[in-house]
Amino acid sequence: MSDEYDLDAGPDPAAFAAASPEPSGSPAADVSPVYAVGIGPGNPDYLTRRGAAAIRDADVVVGFGTVVEFISTETDADLLTCGYRDEGETLETFAERVAAGDRGVAVLMGDPNFSGYQFLGKVERAVDAPVRVIPGISSLQIAASRARTPMEDAEFVTLHRSGDLDADLDRLVAAAGDRHLLVLPRPFDWMPGDIAALLVNSGTDPALDAVVYERLTHENERATRTTLGDLRESAGGTGEESTPYSDLSVLVVRAPTPEPRGDGGAAPESGDSDGSDRMNGIVLGGTQSGVGKTVATLAVVRAFQDAGYDVQPAKAGPDFIDPSHHAQVAGRPSRTLDLWLEGTEGLRRNYARGDGDVCVVEGVMGLYDGDASSTAMVAEALDLPVVLVVDAKAGMESVAATAHGFREYAAHAGVDVEVAGIIAQRAHGGRHAEGIRDALPDGLEYFGRIPPTPDLAIPDRHLGLEMGAESPLDPDALDAAAEHLRTDRLLDAARSPAAPDPKLRPAADRAAPTGDRPTVAVARDAAFAFVYPATLERLRERAEVVTFSPVAGDDLPACDGVYLPGGYPELHGPALASSPALSTLSARAADGLPIFGECGGLMALSESLTTAEGDTHAMAGVLPADVRMHDRYQALDHVELRAERDTLSAGAGETRRGHEFHYSSADVGADARFAFEVRRGSGITDERDGLTEYRTLGTYCHLHPESGAFDSFLDRIGAAAE
């Protein structure tokens with residue numbers, strides 16, 4: 001905001017506008033009223049008929065340049081545009097035209113009653129007459145609809161005005177966590193990242209879900225679903241170049257969803273469900289990798305949402321990236337369902353911890369691919385039907401034959417799985433869709449199609465697709481795809497899953513925390529983005545969790561232990577090298593602080609990280625290894641480790657099952673010590689994983705809490721604190 005023009009001179013314009021009600025009754029016949037019209041979010045489809053009529057009949061229209069541009073084709077009136085610097089001069093010209101008898105209209109974005117009273121007051125003072133308000137549709141209303149945050153449960157705060165914002169910011173901080181927040185940011189000093197930083201620094205849970213909506217209802221509309229902790233990475237600066245978000249943004253921060261309660265009783269603890277009220281679900285399996293399962297899954301999620309259902313997404317296999325796209329669309333974290341990592345009972349428990357009316361599970365690779373946890377194995381363990389995603393771009397009867405073959409192969413593979421029908425990916429309508437549907441044999445349902453369109457492509461890089469927050473699907477294209485699905489039949493096909501056996505819950509999972517709870521610091525930013533929702537849930541059940549962003553320059557907070565998840569440290573080498581957190585990690589590690597790093601966490605704890613382009617960055621220097629990125633992946637597999645000694649994630653002799661997928665290798669020092677023998681997988685080197693120094697452990701293996709690894713970690717943190 002410019003300081004050269006004093007926007008607050010004289011009485012507060014907003015208070016002036018709100019000083020008294022509008023005059024009742026119609027204006028006198030010889031008086032042409034001045035109107036203040038809320039034009040909506042800028043899409044002409046959202047301009048009300050009453051507002052459009054006032055603009056059309058005007059002789060002169062005044063407003064900020066962007067606002068006037070949106071309605072310029074709706075009227076033949078003279079258009080007066082202003083900015084903050086020439087606002088007073090432009091309104092004076094407008095007032096002279098009104099005084100001369102011209103019909104005047106002031107135009108404002110959205111609805112003046114949400115955030116336009118400052119400009120409304122200035123117009124009223126300029127024309128020296130009451131101004132009649134024609135309400136519009138606010139982008140806040142649209143954001144509330146998109147985010148499913150009812151206005152009666154939300155705190156609305158507009159920062160999109162000049163002057164002091166302390167009272168508004170205090171109101172935000174006070175409401176955060178208890179009510180949903182709907183916030184209009186102020187370009188460019190109070191943008192979404194700055195608001196997130198304020199909230200987190202004031203004690204708000206950084207894990208709260210946040211959504212930034214940009215250019216709502218426009219062709220280039222975008223939604224970024226993230227957390228407050230991740231969002232604050234973009235804080236700082238006062239110019240357009242300092243933020244990744246548009247000046248036409250709305251920030252939504254969702255309050256925690258209350259645990260479901262039955263019969264007036266207490267909410268069940270995680271894993272306590274007896275399965276009496278389990279989510280119905282379906283599994284979307286593919287004929288092969290790359291067939292379009294992720295896009296089909298997102299389209300089904302959107303179709304179910306449009307039908308009024310809350311959707312819990314899930315992913316078969318150990319992937320972190322596809323679930324980030326699920327979360328973007330569903331607005332809640334995606335559950336990880338992997339038999340190797342979790343076992344049958346653990347997988348069922350993880351499904352049961354989901355929160356929604358219906359669950360949509362995206363498969364991994366082709367339906368039967370994988371010897372440790374194929375999509376078919378996951379569907380069998382949950383007793384859920386499979387909807388097969390088939391590439392139909394060059395076939396009709398052959399698509400049906402493919403589906404028939406996949407259904408019949410289940411008996412040959414010895415897997416008890418039901419292929420209920422297909423979604424035809426990249427299929428045209430008309431004769432093409434009809435030919436596929438008519439060719440399907442009895443017992444195979446046609447659930448609809450995904451049309452071929454480049455707008456449904458997700459960019460990729462090493463490790464797979466780009467993350468959901470970086471490259472979300474175009475919402476209009478996703479809406480269009482969802483319209484071609486037979487939602488009612490998909491819902492009919494979904495069924496209740498097999499229930500977990502409550503008697504088989506691990507003892508650690510049943511134990512309630514006693515005594516003082518330790519504090520665990522978890523790195524959460526783009527460099528450390530690969531963490532399972534169940535891991536954070538388990539940590540929070542037994543400890544206080546604080547998050548920090550090394551990439552954003554956060555130092556390590558006060559804590560009793562540290563968890564560094566995997567992610568993309570190689571994309572943030574300079575920021576990590578200069579982060580105070582890495583220096584503090586080095587010092588605290590030498591003091592014996594328990595530190596557990598997985599994959600990207602291992603890389604950050606090493607002595608150096610060299611990118612595939614040859615750029616070398618100093619890391620924390622805790623573990624004796626130099627890490628180098630490569631153009632091809634170095635390991636991809638499910639993993640089994642056996643602990644050769646007591647370590648943070650296992651006791652001596654215990655096994656841990658996880659997975660590894662990385663493009664880096666580690667050149668370890670001659671004195672390197674390892675905690676694990678690798679029984680399946682590659683590990684760090686020479687069939688060893690778990691590089692260890694002091695009380696620090698770094699592995700290439702990613703572990704799920706159902707393995708018991710994080711309970712071991714918490715136990716050892718507690719022992720270290722005693």
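Here's how it looks for F64: its modeled amide H is under 5 Å from those of C82, which are all 5 or more places away or on a different chain. Modelled spin labels at R222 and V415, positioned 7 Å past Cα toward Cβ, are 3.8 nm from each other.
Gain on full extension, evaluated as 0.36 nm per residue between D615 and A100 minus their Cα-Cα distance, stands at 178.5 nm.
Placing unit charges on the Cβ atoms only, positive for Lys and Arg and negative for Asp and Glu, gives the stretch 140-253 a dipole magnitude near 280 debye about its Cα centre.
Sequence-ordered 3J(HN,Hα) estimates for the stretch 144-159 from the Karplus curve with 6.51, -1.76 and 1.60 and θ = phi - 60° stand at 4, 5, 4, 8, 6, 10, x, 4, 5, 9, 10, 9, 9, 9, 9, 9 Hz, glycine and proline given as x.
Computed from Cα atoms, the angle from the helix 192-201 axis to the main principal axis of the chain rounds to 60 degrees.
The relative contact order of the chain comes to 8 percent, based on Cα pairs under 8 Å that sit 6 or more residues apart. By DSSP, the beta bridges lying fully in the stretch 13-136 are antiparallel in about 5 percent of cases. The stretch between T238 and D45 holds 66.2 nm of extra length on full extension. This uses 0.36 nm per residue minus the Cα-Cα distance. Computed from backbone phi with θ = phi - 60° and the Karplus coefficients 6.51, -1.76 and 1.60, the 3J(HN,Hα) list for the stretch 309-314 is 9, 7, 10, 9, x, 8 Hz; x is used for glycine and proline.
Taking Lys and Arg as +1 and Asp and Glu as -1, the other residues whose beta-carbon sits under 10 Å from that of A330 total +2.
If you take all other residues with their beta carbon under 13 Å from the beta carbon of E380, and give Lys and Arg +1 and Asp and Glu -1, the sum is -2. Remark: the Cα gyration tensor places the stretch 564-714 in the oblate category, a/c being 1.5 or greater and a/b not exceeding b/c. Dipole magnitude for the chain: about 1540 debye, using +1 per Lys or Arg Cβ and -1 per Asp or Glu Cβ, origin at the Cα centre. Once both axes come from the Cα atoms, what is the angle between helix 117-127 and the longest principal axis of the chain, in degrees from 0 to 90, rounded to 10? Once rounded, the angle reads 10 degrees. The amide H of E362, built 1.01 Å from its N in the peptide plane, has L284, A314, K315, A316 as neighbours under 5 Å, considering only residues 5 or more places off or on other chains. For K293, go through the lysines and keep the ones whose alpha-carbon is under 17 Å away, minus same-chain ones fewer than eight residues off. Candidates past the 8-residue exclusion: K315, K393.
Of the residues L341, A223, Q312, the one whose Cα sits farthest towards the positive end of the charge dipole of the chain is L341 (charges of +1 on Lys and Arg Cβ, -1 on Asp and Glu Cβ, taken about the Cα centre). Helical runs assigned H by DSSP (4 residues or longer) give the chain a calculated mean residue ellipticity at 222 nm of -8500 deg cm²/dmol, each run adding -39500 (n - 2.57) before division by the residue total. Taking amide H as placed 1.01 Å from N in the peptide plane, the amide H of T48 sits under 5 Å from that of I137, each at least 5 places away or on another chain. A simple rule links phi to the HN-Hα coupling: the Karplus curve 6.51 cos²θ - 1.76 cosθ + 1.60 with θ = phi - 60°, which for the stretch 431-445 gives 4, 5, 5, 5, x, 5, 4, 6, 7, 5, x, 4, x, 10, 8 Hz, with x for Gly and Pro.
Other residues whose C-beta falls under 14 angstrom from the C-beta of A144 contribute a net charge of 0, scoring Lys and Arg +1 and Asp and Glu -1. Remark: the D460-A15 segment gains 155.0 nm on full extension, using 0.36 nm per residue and subtracting the alpha carbon distance.
First measure r as the distance between the Cβ atoms of A53 and T81, then evaluate 1/(1 + (r/R0)^6) with R0 = 25 Å and state the FRET efficiency to the nearest 0.05.
FRET efficiency, A53 to T81: 0.70.
For the Cα atoms of the chain, what angle does the longest principal axis make with the long axis of helix 321-330, in degrees from 0 to 90, nearest 10? Relative to the chain, helix 321-330 is tipped by roughly 40 degrees. Relative to the Cα centre, the charge distribution of the stretch 594-680, modelled as +1 at Lys and Arg Cβ and -1 at Asp and Glu Cβ, gives a dipole magnitude of about 320 debye. Using R0 = 25 Å, the C-beta based FRET efficiency linking R148 and S496 works out to 0.55.
Only one residue of A672, T487, L184 has its Cα farthest out toward the positive end of the dipole of the chain, where Lys and Arg carry +1 and Asp and Glu -1 on Cβ, and that residue is T487.
Every number in this text was worked out from the coordinates using simple rules, so none of it is lab data. Everything numeric here is computed off the predicted structure, so don't read it as measured data. Virtual Cβ from ideal backbone geometry, glycine too; neighbours counted across all protein chains shown.
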